[in-house]
Amino acid sequence: MASRDEDRPEREKLSWREIDQRRDGSRHVSRGERPAARPGTSRAERAERLRQQALKEAHKVFEGKQGTPEHQKVVQELHRHFGTKKFLTLAKQYLKEYGQPRDWALLFLMLDFPDPEAVGSFLEQMATLFPSRTLREQQAFLSKLRTLSVLAEDPAVQETAEELLQRLRGD
């Protein structure tokens, strides 16, 4: 039986240096010899990439403090300490430093905050974001509203949850 290499036509054997040079990744070629742009990228593609980068930077400006890396660290701490005694302390610090969260997942966590006025505000904000969420997130929120409407310690939270539940279900 013939080997697979015998069935193939003869082809040029390349050295590793030649392979690197063809990839334009050779360490033996100085930076000045490389082309300015990657082959295959058009001006339109580069312009679009720059536009996306500028939009991302502009979005960070509009987010204010909630767009900073420090904010992300605090959010990670809140998620990590959810359900512990430290969560309440972290949540108070977060609200003092950054104000009401705009992130859906963080708003969902904050529904366990003990201040009824704040929870009512979180619920209202989530209700405005509700139509743009995925079906799974919507179902989780409706479930949370049902739970709060029955089990919340504060009657105002129960009432707000019940009203939102009726409004979002279309009753």
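The values are calculated or read from the model by the stated rules, or taken from the named source; none is laboratory data. The shown structure was predicted, so the numbers you read here are calculated from the model rather than taken from an experiment. For neighbour counting, all protein chains shown are included, and Cβ atoms are generated from backbone atoms with ideal geometry for every residue, glycine included.
Residue by residue through the stretch 67-82, note down the ones that are more than 30 Å from Glu57 (Cβ to Cβ) and in contact (Cβ under 8 Å) with a residue 24 or more places away in the chain.
The answer is Phe82, and nothing else.
For residues in the stretch 77-135 being in a loop (DSSP other than H, G, I, E, B) and among the hydroxyl-bearing types (Ser, Thr, Tyr), which is nearest to Arg167 (Cα to Cα)?
That would be Thr134.
Working only within the stretch 9-59, note down all residues that are at pLDDT 60 or above and under 30 Å from Gln100 (Cβ atoms).
Residues satisfying the conditions are Gln52, Gln53, Ala54, Leu55, Lys56, Glu57, Ala58.
If I filter the stretch 147-164 for residues that are farther than 23 Å from Pro114 by Cα, in contact with a helix residue (DSSP H, G or I) (Cβ under 9 Å, 6 or more places away or on another chain) and assigned to a helix (DSSP H, G or I), do I get at least one hit?
No: zero hits.
Go through (1) closer than 25 Å to Glu77 by Cβ; (2) surrounded by fewer than 16 Cβ atoms within 10 Å (Cβ to Cβ) for Arg169 and report which single condition fails.
Answer for Arg169: the failing condition is (1).
Looking only at residues that are among the hydrophobic types (A, V, I, L, M, F, W, C) and out of contact with any Pro (no Cβ under 6 Å at 6 or more places or on another chain) in the stretch 143-164, which one is nearest to Thr128 (Cα to Cα)?
In this case the residue turns out to be Leu164.
Sort through Leu95, Leu151, Leu88 and tell me the only one that's more than 23 Å from the chain's Cα centre (by Cα) and under 22 Å from Gln76 (Cβ atoms).
After ruling out the rest, the residue left standing is Leu88.
Would you be able to tell me the number of residues in the stretch 66-107 that are acidic (Asp, Glu) and in contact with a Ser or Thr (Cβ under 8 Å, 6 or more places away or on another chain)?
Total satisfying the criteria: 0.
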